[in-house]
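Peer 1: Pasting a structure here, questions to come.
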Amino acid sequence: LTMFNKIALSTLAVSCFAAPAIAGPYVNVEAKQKWSGENYKSATLDTHVGYENKLGDSATWYIQGGPQVRFPDDAEQVGAASGKTGLKFKVTKRLSAYGEISAATKEGMELEGLGVGTKAGLKYKF
């Protein structure tokens with residue numbers, strides 16, 4: 001696939017499957033592209049099935065996982081498995097916080113070389 005086709009397919013997948021978050025089961029399709037300056041490096045498409053639920057009155061937890069396809073520049077696509085879990089909670093009426101841990105296999109279902117990442121942040125609503 002050309003770089004344009006990879007981006008177009010990723011954008012189409014996201015727009016077709018994007019839905020607002022609700023309590024219970026959901027599908028989350030996420031596309032990411034990596035660039036270095038003007039040089040395209042790769043694209044990743046995660047197709048996850050997940051579940052979210054409330055934790056008390058001010059928090060929500062979620063867990064999701066499924067196949068991941070990577071489209072590196074000038075190489076064949078790679079199939080892997082990925083997943084993430086996280087927590088979102090209200091700090092005040094206008095301020096919320098979130099944290100997430102994610103993991104992805106290098107290729108297929110092999111756990112050797114498992115990549116793990118974290119994300120945390122604050123969101124303020126005006």
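A quick yes/no check of all residues on (1) surrounded by fewer than 14 Cβ atoms within 10 Å (Cβ to Cβ); (2) modelled with pLDDT of 95 or more; (3) within 22 Å of A31 (Cα to Cα); (4) of a type in the set (A, V, I, L, M):
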site	(1), (2), (3), (4)
G66	no, yes, yes, no
G86	no, yes, yes, no
S96	no, yes, no, no
S102	no, yes, yes, no
G117	yes, yes, yes, no
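Peer 1: Also, I was wondering about something else. Restricting attention to region 37-52, which residues are open to solvent by 60 Å² or more (accessible area, probe 1.4 Å) and more than 12 Å from the chain's Cα centre (by Cα)?
Peer 2: Across region 37-52, the qualifying residues are G37, E38, N39, K41, Y51.
Conditions (1) outside any strand (DSSP E or B); (2) in contact (Cβ under 8 Å) with a residue 60 or more places away in the chain; (3) out of contact with any helix residue (DSSP H, G or I) (no Cβ under 7 Å at 6 or more places or on another chain), marked per residue:
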{"position": "Y62", "(1), (2), (3)": "no, no, yes"}
{"position": "Q68", "(1), (2), (3)": "no, no, yes"}
{"position": "F71", "(1), (2), (3)": "no, yes, no"}
{"position": "K88", "(1), (2), (3)": "no, no, yes"}
{"position": "T92", "(1), (2), (3)": "yes, no, yes"}
{"position": "A103", "(1), (2), (3)": "no, no, yes"}
{"position": "K106", "(1), (2), (3)": "yes, no, yes"}
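Peer 1: Taking into account only those residues within region 36-57 that are part of a strand (DSSP E or B) and out of contact with any strand residue (DSSP E or B) (no Cβ under 6 Å at 6 or more places or on another chain), which is modelled with the highest pLDDT?
Peer 2: N53
Peer 1: So which residues in region 16-35 are under 30 Å from D74 (Cβ atoms) and modelled with pLDDT of 90 or more, if there are any at all?
Peer 2: Answer for region 16-35, where residues must be under 30 Å from D74 (Cβ atoms) and modelled with pLDDT of 90 or more: N28, V29, E30, A31, K32, Q33, K34, W35.
The values are calculated or read from the model by the stated rules, or taken from the named source; none is laboratory data. Because the structure is predicted, anything quoted here is derived from the model rather than measured. A quick note on method: Cβ atoms are made from the backbone with ideal geometry, for glycine too, and the neighbour counts reach across all protein chains shown. Quick note on the areas: whole protein, heavy atoms, side chains included, nothing else; ligands and nucleic acids left out. Shrake-Rupley method; radii C 1.70, N 1.55, O 1.52, S 1.80 Å.
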